[in-house]
Amino acid sequence: MNTKTLKILLSLFAINSITLYLYFSSNPDYFHHKRTENHSHFTNSRSLTTENHFQFQGSVSTSKPWPILPSYLPWSQNIDVPFGSCEGYFGNGFTRRIDALKPSPDSHRKFASSGSGGGWFRCFYSDTLRSSICEAGRLRMSGDKILMSRGGEKLETVVGREEEDELPIFQDGAFEIEVTERSRFGKKLVNNKFLDNYLEEGVISRHTMRSLVDSIRLVGPNEFHCSEWVEEPTLLVTRFEYANLFHTITDWYSAYVASRVTGLPSRPHLVFVDGHCEAPLEQTWNALFSSLRYAKSFSGSVCFRHVILVPLGYETVLFKGLSEDIDCQGASAQELWQHPDDHKTARLSEFGEMIRASFGFPVDRHRVSRPTSGHSVLFVRREDYLAHPRHGGKVQSRLSNEQEVFDSIKSWASNHSECKLNVVNGLFAHMPMKDQIRAIQDASVIIGAHGAGLTHIVSATPKAIILEIISSEYIRPHFALIAKWKGLEYHAIYLEGSYARPGVVIEKLSSILRSIDC
């Protein structure tokens, strides 16, 4: 092991140690609780509806550790992040702390014999994103007061179900926090002014996380009864377009940022507070976090020792960049560590490495040069598949002669004499998520018509080159922005309609390959 590698490992160890200290010092309730006989753990009970869950057994933590990521930079709640800076947009700007409910200073002593104690609630607000990451202690969820479908069903069993049935409606008291001050018994946690200031509705008409917070009531210890306890940190997520890769990646990113901003010492567990059916994208949710359940899978009321409320994906930089001018250029973490720059970011590269590491792939592949004898060219395809209960199974074509273009590239590549080319047929809709990530990280060049599948480039290695084919009806900045924010080389072919001349695509591809000596 060389000196440089040793220094990096020691630095990461120091950062993780500081993170652990800050987390446990700011969440004293994590250690100062007394488990009572009726406190059960997050278990793989008969009511579970999803697979690959991790069990809480005894007092042993079942949370997955954070992987070591080359692009990781410390997340801090205390730094002075400039408004509109790249750090502000990419999630490290949740710096304004608002305590809506502080725990009673003597609650642990006062209720130690009964296992009770005051709960707490706070938010971290970002002026740049106009959004909050909130967290709470000793919060109870009553599933019977959340009006929505059960969630987690097989898609084939709920075909035709309306979206309104899947989005949660929170009745008063759907969530409750235990308090010790009698004067607060039965009152709402926050008022409308708090919601308008820190959980504003934004671009959508139905802000589910705002509604969740609005439903929280404060109750005394005698009313705080739990059928089940979840002892380890848990994310509560409400989703909208859960079957679309682009929108789901905005949710993944928001959940990741929330975990880092709140300083969790390991990867949290996850509860979907929505009624959507099972979808293939859950494979990545399961890989990223320690376990996954649906709110309606719990029987009776469930109490959480520590929960984090994840902002909607619509409030992330990935979505806001579609309508706001976010001038950020991707850079290496090492460069930014040595020379901080408000107009550069390594956060999206960090997130992409997190996805790759979660599936067990090495994240230092870009440090190893690719074999000069060959390169992988990935063609991301759009194909028909049943996406959700209201979907007819047909996707709208963005490239009318996609098969012709793919066949032409494959034929041309087989006769390419400068270097060996492996053209990969990226039929992602019918590939396991791990295979999709593998194809992305192995690719030297990623080609595709504008479509959600290209969002996978968040997981591409730093030397990957992107070639997007854009029809005249879908001139949108999604993937040019992601490439820019990751520091990837990006090219586009603009069509007059939806037909691409294979020769033009091959000519552009040939030029790209020549630039990498192929």
Item to check | Peptide ranges 447-456, 341-350, 409-418 listed from the most packed, as the mean C-beta count within 10 angstrom indicates | outcome: 447-456, 341-350, 409-418
Next on the checklist: Show me the ranking of peptides 402-408, 273-279 by mean Cβ neighbours inside 10 Å, starting with the highest.
Outcome noted: 273-279, 402-408
Item to check | Label-point separation in nm, N422 to D327, each point 7 Å along Cα→Cβ | outcome: 4.2 nm
Next on the checklist: Could you report the accessible area of E135 in Å², rounded to 10, computed with a 1.4 Å probe on the protein chains as they sit in the structure?
Outcome noted: 0 Å²
Item to check | Long-range HN-HN contacts of S301 with modeled amide H, under 5 Å | outcome: S227
Checklist entry - With θ set to phi - 60° and the Karplus curve 6.51 cos²θ - 1.76 cosθ + 1.60, what are the ³J(HN,Hα) couplings of segment 442-459 in order, to the nearest whole Hz, using x for Gly and Pro? => result 8, 7, 7, 10, 10, 10, x, 6, 4, x, 4, x, 5, 4, 4, 5, 4, 9
Checklist entry - In segment 165-302, what % of DSSP beta bridges are antiparallel (nearest 5)? => result 10 percent
Item to check | Using θ = phi - 60° and Karplus 6.51 cos²θ - 1.76 cosθ + 1.60, couplings along segment 287-294 (whole Hz; Gly, Pro as x) | outcome: 6, 6, 10, 7, 6, 9, 9, 9
Item to check | Extension reserve of the W337-E201 stretch, reckoned as 0.36 nm per residue once the Cα distance is removed | outcome: 45.4 nm
Checklist entry - Taking the highest mean first, how do the peptides 424-436, 494-506 order by number of other beta carbon atoms within 10 angstrom per residue? => result 424-436, 494-506
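The values are calculated or read from the model by the stated rules, or taken from the named source; none is laboratory data. All of these numbers come straight from a predicted model, not from anything done at the bench. Note that each Cβ is placed from the backbone with ideal geometry, even for glycine, and that neighbours are counted across all protein chains shown. Surface accessibility is based on the protein's heavy atoms, side chains included, excluding ligands, DNA and RNA. Shrake-Rupley method; radii C 1.70, N 1.55, O 1.52, S 1.80 Å.
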